[in-house]
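A short write-up of the structure that comes next.
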Amino acid sequence: MKAKSHSGHPFAAAAHWNLEQSYENRSRKGNKKRRAKEKQEHTRLPIKTATGIVQVPNIPSAATLDGDTESASNDEEDEDEKDGIDPSRVSLPPAAPVAVEKPLPLRKRIIIAKEELANIATLVNEDPEENVGLLKRLKEISDDAAVRIRMLAIGTMLAVYKDLIPGYRIRALSEEEMRAKITKEVRKVRGFEQALVSGYSGFVKLLGGLARAGRGGSDEDTVALAKAAVNCACGLLLAVPHFNFRTELLKIIVERVSVRNVDETFVKCRTTLDELFHTDGDGGPSCEAVQLLSKMMKAKHYLVDESVLNTFLSLRLLSELDVKGSNSAVDNPRKRKKKDREFRSKKARKLEKERKVTEKEMLEADATVSYEEREKRQSETLKLVFSTYFRILKMKPPGLMGATLEGLAKYAHLINLDFFGDLLVALKELVSDAKEEAGEGGGVMEGEKDEGANRNSVREALLCIITAFALLSGQEIELLLRALSSIFFSTAHQKSTTPLRLAAFTKRLLTASLQTPEKSTLAMLGLLNKLAIKHGRKLSALFSTEEVVGDGVWDGYVDEPEMSNPFAATGWEAVLLRRHYSPSVAEAAAALPGLFAGKGREG
């Protein structure tokens, strides 16, 4: 008997459904694949990345799982539809949890960073040309959020660049050089140099930014980074002062010494400038540093610490100059006069110009500086130093007068003689001011401040006196020889140049030449040479041991030269001067007796 049809009700045939048999007949192919894949993925070991994050590899996300099982799900849905089962009503097992990245502790991150920095430094040191690309990785590590890691990266970059930088300055390539055909080795070297300059430029900019960010900051991390950056800048300037971006390093240091508060970083920068001036044998770094310091002090209206101005006292090269200078110009003794220049044709001048261009390129490539270029830089440095000193004397800022006077006293031998008048007038005004202050209030009392800074008027007055004597002691011989030349060689004084007066001054000059420095002795012997040429016959008796002209004893201390009885003496000083340690002095002294032995002409 057939069952009665209930086609009108949706669950009329529900009693005849065999759900268990239908589920048993379903295919297990898709489920087996999914379970096998999940088992394979969850059995892999976790790994640790370079940043210290632990990850479980190849863990699929929900979207990946959906994509991977899309075909299997479609197959299951088709089979469920064939079996009459609604797939939306079937409950699925819960999905596996996705692993969350957990940051490592700072201590472990620092250890990992140290290992990576050490490996990079080792690889770059072993083969710089092949591993120069690792400099970018150092820059990436220096941008880490942890301050300790950033400081480690900056220190590593300092050591790496100090080892990599060559002993010459790398210049930019011209368009012609970039288009020219070069060998593989040259291309490799150029690539290394350009990569080095690019990385070094970024490092110097990083130091400048960190140093500026730490000025006046209250954050301890920012201040610590700024201190590390300034120390790196000081180290680079002393280690590679010849290399590119020297100006940027000097700006970092000069900007730091422009503040009034003296701290550890200030002292470090000032010491760096002192050492740079002491060890500079080229003149370029010192000149650039003095130029930046002068501009900074002028912009600050010379309201800086006294120790900054005292760095000028460490300029070793200024003591080697033979020129005279002031605040506006410097003499050039090697400049030829127009009448001394020889005539050359247009072709010869062109060849000479080409030769100089070639020599200049060779000097730049070898990082050597000619003597003329070095002296030019020294003269420019001298002009900047005197300009700063004279502005301070004019403005009289508090706290810098003592350092200025000490500097003028040290470099007095380099000051132009024509500038002496104005300088001595300024020193006289300072002494008068100090006298007035001492008379009104007895100077600066203990615990008081004058114009916002400690100022000792008595000390300034004494320094003015010392500076004045230093100026005169450096030029006394020049002034003396000028005066004697005007007396003995001018036509207006021909009648006053009697043999007794000539002999008295000649004997005194010979005696004084035994006590003077080498240059002063040479200058006096030069004057005696001129006297021998013009008045040799009148003075020949001084160098003759056989002929006696005068009676009595020579007295060189009388006020009147004619009363000193000069012909009773001989020029025995010339014999001692022949054994002088200076060959120039010995040669000039040896020629004197022959010149005075009747070979001179009468004026």
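Bear in mind these aren't lab numbers, they're just calculated from the coordinates by the rules spelled out. Since the model is a prediction, treat every value here as computed from it, not as a measurement. Note: ideal-geometry Cβ built from the backbone for every residue, glycine included; neighbour counts use all protein chains shown.
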Exercise. Residue by residue through segment 307-316, which ³J(HN,Hα) values in whole Hz follow from phi under the Karplus form 6.51 cos²θ - 1.76 cosθ + 1.60 (θ = phi - 60°), with glycine and proline marked x?
Worked result: 5, 5, 5, 5, 4, 4, 5, 8, 6, 5
Exercise. Non-local amide H neighbours of residue 170 (under 5 Å, H modeled in plane, Pro and chain starts lacking H): which ones?
Worked result: 244
For this session: Order these peptides, 247-257, 556-566, 112-122, by their mean beta-carbon neighbour count within 10 angstrom, highest first.
Result: 247-257, 112-122, 556-566
Exercise. Could you put 498, 183 in order, starting from the residue whose Cβ has the fewest other Cβ atoms within 10 Å?
Worked result: 183, 498
Seminar exercise, completed: Along segment 530-537, Karplus-curve 3J(HN,Hα) (6.51, -1.76, 1.60; θ = phi - 60°) to the nearest Hz, with x for Gly and Pro, reads 5, 4, 5, 5, 8, 10, x, 5
For this session: For the pairs 162/227; 205/227; 114/136; 162/300, note any where the Cα-Cα span goes beyond 22 Å.
Result: 162/300
Problem set entry | Listed residue pairs exceeding 19 Å between alpha carbons, taken from 507/538; 346/376; 102/139; 268/394 | 346/376; 102/139; 268/394
For this session: Could you list which residues have their amide H under 5 Å from that of residue 415, counting only those 5 or more apart in sequence or on another chain, with H placed in the peptide plane?
Result: 325
Seminar exercise, completed: From fewest to most C-beta neighbours within 10 Å, the residues 295, 356 line up as 356, 295
